[in-house]
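See structure below.
Throughout, read-outs are computed from the coordinates displayed, never taken from laboratory work. Quick caveat, the model's predicted, so the values are computed rather than measured. Cβ: placed from backbone, ideal geometry, glycine included. Neighbour counts: every protein chain shown.
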Amino acid sequence: MSLDNILYALVAVLGLGTIYAWYQFYKVVANKCDTCSIDLHENPFKSKCFTGAVFFTLSLALAVYAVILL
């Protein structure tokens, strides 16, 4: 596999992971998450879902930047 193919695969995987992470955060905001504690529904930005969504988004941005540099 060439570096091009690996970076495109990385962007695809991180893109799907980012969509899933933001969907999980949406469930927290919409009070549809049954695994979170009650206090997280008062401030959803303290949830693990938000942290994961931000992490995946930053990782995706870095991967897209790497593809642009090719």
For this session: Please express the shape of the chain as an equivalent ellipsoid: the semi-axes are the square roots of 5 times the eigenvalues of the C-alpha gyration tensor, given largest first in whole angstrom.
Result: 31, 10, 7
Seminar exercise, completed: Stretched fully, the stretch from Y8 through T57 gains (0.36 nm per residue minus C-alpha distance, one decimal, in nm) 16.1 nm
Seminar exercise, completed: Measuring from the longest principal axis of the C-alpha atoms of the chain, the long axis of helix 3-29 (C-alpha) lies at a number of degrees, nearest 10, equal to 10
For this session: Could you state the angle between the C-alpha long axis of helix 48-69 and the longest principal axis of the C-alpha atoms of the chain, as a value from 0 to 90 degrees rounded to the nearest 10?
Result: 20
Exercise. Between the stretch 50-69 and the stretch 1-19, what is the C-alpha centre distance in whole Å?
Worked result: 11
For this session: Run the quick spin-label model on N31 and Y65: label points 7 Å from Cα toward the beta carbon, then report their separation in nm to one decimal.
Result: 3.9
